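See structure below.
The values are calculated or read from the model by the stated rules, or taken from the named source; none is laboratory data. Model, not experiment: these values are computed from the prediction. Cβ coordinates were reconstructed from backbone atoms using ideal geometry, including for glycine residues, and neighbour counts include every protein chain displayed.
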Amino acid sequence: MKKYSYIVMMVVVSLLLISTIACGAQSKIELTFYQWYYTEAKYGPVIDGYIGAFEEKFPNVKVNPVAITNRDYWDRLTMDIMSGVEGDVVGVDQASMAAYYYLRPEGAFISLDKYIEGTSFAEDLVLLDDMEEDGHCIALPYNWFTFGHIFYRKSHFEEAGLSVDGMGTWESFKEGAAKLTVDLDGDGRIDRYGMTLPSTAEAISRWWHQLWLWTAGGGFFKNEAPPYTAENVIFDCPANLFALEYLVDLKREAFAPGVRDPFQIQELFYNSSLSMFLGASWSLVMVETNMPTQIYEEDVDIMPMPSAYYQGELRPPVLVAWSTPLAISSRSKYPDTAWDFIEFLNSEEIQRDWITRVASPVNKKVLESSWYKTSFPKIGAFMNLSREFEWRMTPNIAQWNEIDKVIQEAVKSAYVEVKSPKEALDWGQAEIVKIMRK
């Protein structure tokens, strides 16, 4: 009897132990992290690194990064938000947060106001003031980018007898790009091109076009300021026509043939088939990753985008600035834990040890430190050069995703010459007005 009782007791204890282990496993919180960098060679290990650091600090949490390519991310995010199946932590484009936020009537992302209160983030983070919608902060920036400098190969300039100082205007830049477009082996075919801009109609390609429009004095809405109404759409304005006609001329003089996206363009630069490309601060990471160290350090340099001489005035370049902030889905079961993750990524330690490897940090304690400027001289030089010019962001309005697609299609139609620049802008104007009148 004693032996039987002992066996029963051991079985009960074993079952309790198994039940406890099972409950412990089930109690581990899992967060899904939506972003579009994980598939990139240098970004993937960095994401794994800061997720590992977070899971070490929060052992009851597992963060699952979703591998979605940049090309597919925005369409996927739109569909998933409309279906209510997006991740707990969602990476968005600062320039179009509203477009995703309003995909659900109640708002796709929660207010972060209660979480930010009591922290030093209001003083510590760059761009935080641009994170509001409906009067509430709906996302937190954890990285910072600028766009609008020209990456160039110094050896190509030397071979062509060009100098950076001699390419400071749109016209001199076009002449220089034409000189860099050469037949290197004498077989009658061009082997190296001076410059190329994206001709694909995708979300991020707008950066490559909007700054030319802004520099000429154009854009999308009157003064690029509210009210954002159909009556204030200026896509077919003379300044935009001047800019697009210039870009089509530049394309004829110096562009590599074919319809290309931004990443394919940079690949041409890596293999020396392209002398210049227009890039962002994140382009430095890709260039450094994809080029031999010696060539990157000795032959790659950066110069400002040229100024436009238009209507009797020399207009300095207008750059693009933005973040890829993180929001918390209104469908998340674990908003507090999702906040822990976002807060962690904005901490001084993680900003210094991980974010700086792929982007500019937004935490001023890191961004403004002497350590950062010494440790990342090229990105530091890029950001310092950016501070010499005006920055803008596209209007953060609910209709922006639809407008964005129209802009890309219009510019592409002009580049591939199925429409004249004027026809392309007129078509785009009509379509944007329709969107704003819905």
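Would you be able to tell me the number of residues in the range 236-280 that are within 20 Å of the chain's Cα centre (by Cα) and either in a loop (DSSP other than H, G, I, E, B) or of a type in the set (Phe, Trp, Tyr) (or both)?
Going through the range 236-280 one residue at a time, the tally reaches 5.
For the range 397-408, state whether one or more residues are farther than 30 Å from Ser199 by Cα, basic (Lys, Arg) and at pLDDT 85 or above.
Looking through the range 397-408, none of the residues is farther than 30 Å from Ser199 by Cα, basic (Lys, Arg) and at pLDDT 85 or above.
Evaluate the range 347-369: report whether one residue or more is without any contact (Cβ under 8 Å) to a residue 40 or more places away in the chain, surrounded by 18 or more Cβ atoms within 10 Å (Cβ to Cβ) and among the charged types (D, E, K, R).
Yes, the range 347-369 has at least one match.
Please name all residue pairs, on different chains or six or more residues apart, with Cβ atoms under 8 Å, provided the first residue is in the range 289-311 and is farther than 19 Å from Tyr270 by Cβ and aromatic (Phe, Trp, Tyr) and the second residue is at pLDDT 95 or above and in a helix (DSSP H, G or I).
Pairs found: Tyr309/Trp170; Tyr309/Glu171; Tyr310/Ala216; Tyr310/Ala239; Tyr310/Phe242.
Being in contact with a Gly (Cβ under 8 Å, 6 or more places away or on another chain) and of a type in the set (Gly, Ala, Ser): is that true of Ala381 here?
No.
With the condition kept exactly as written, say whether any residue in the range 386-400 is farther than 30 Å from Ser120 by Cβ and part of a helix (DSSP H, G or I).
Looking through the range 386-400, at least one residue is farther than 30 Å from Ser120 by Cβ and part of a helix (DSSP H, G or I).
Counting only residues that are under 26 Å from Met276 (Cβ atoms), give me the helices (runs of 4 or more DSSP H) lying completely in the range 286-361 with at least 3 of them.
Result: 293-299.
List the pairs whose first member sits in the range 153-171 and is closer than 14 Å to Ser273 by Cα and modelled with pLDDT of 95 or more, whose second member is in a loop (DSSP other than H, G, I, E, B) and among the polar types (S, T, N, Q), and whose Cβ atoms are under 6 Å apart, counting only residues at least 6 apart or on separate chains?
These pairs meet every condition: Arg153/Ser275; His156/Ser275.
Taking the condition among the small types (Gly, Ala, Ser), surrounded by fewer than 20 Cβ atoms within 10 Å (Cβ to Cβ) and touching a residue at least 40 places away in the same chain (Cβ under 8 Å), does Ser283 pass?
Here the answer is no, as Ser283 does not meet what is asked.
Read through the list (1) hydrophobic (A, V, I, L, M, F, W, C); (2) outside the structural domain of Leu268 (by TED's automatic domain parsing); (3) touching a Gly at 6+ places or on another chain (Cβ under 7 Å), then give the number of the only condition that Val92 fails.
With respect to (1) hydrophobic (A, V, I, L, M, F, W, C); (2) outside the structural domain of Leu268 (by TED's automatic domain parsing); (3) touching a Gly at 6+ places or on another chain (Cβ under 7 Å), Val92 is out only on (3).
With surrounded by 22 or more Cβ atoms within 10 Å (Cβ to Cβ), in the same structural domain as Met276 (by TED's automatic domain parsing) and either at pLDDT 95 or above or out of contact with any His (no Cβ under 6 Å at 6 or more places or on another chain) (or both) as the only criterion, which of Met195, Met97 stands out?
Met195
Quickly run through the range 410-429 and pick out the residues that are in contact (Cβ under 8 Å) with a residue 24 or more places away in the chain and buried (at least 18 other Cβ atoms within 10 Å of the Cβ).
Matches in the range 410-429: Ala410, Val411, Lys412, Ala414, Tyr415, Pro421, Ala424, Leu425, Gly428, Gln429.
Consider Lys373 carefully, then state whether it is in a loop (DSSP other than H, G, I, E, B) and free of Cβ contacts under 8 Å to residues at least 60 places away in the same chain.
No: the conditions fail for Lys373.
Given (1) modelled with pLDDT of 95 or more; (2) over 22 Å from Asn396 (Cβ atoms); (3) among the aliphatic types (A, V, I, L, M), where does Val233 come up short, assuming only one miss?
(2)
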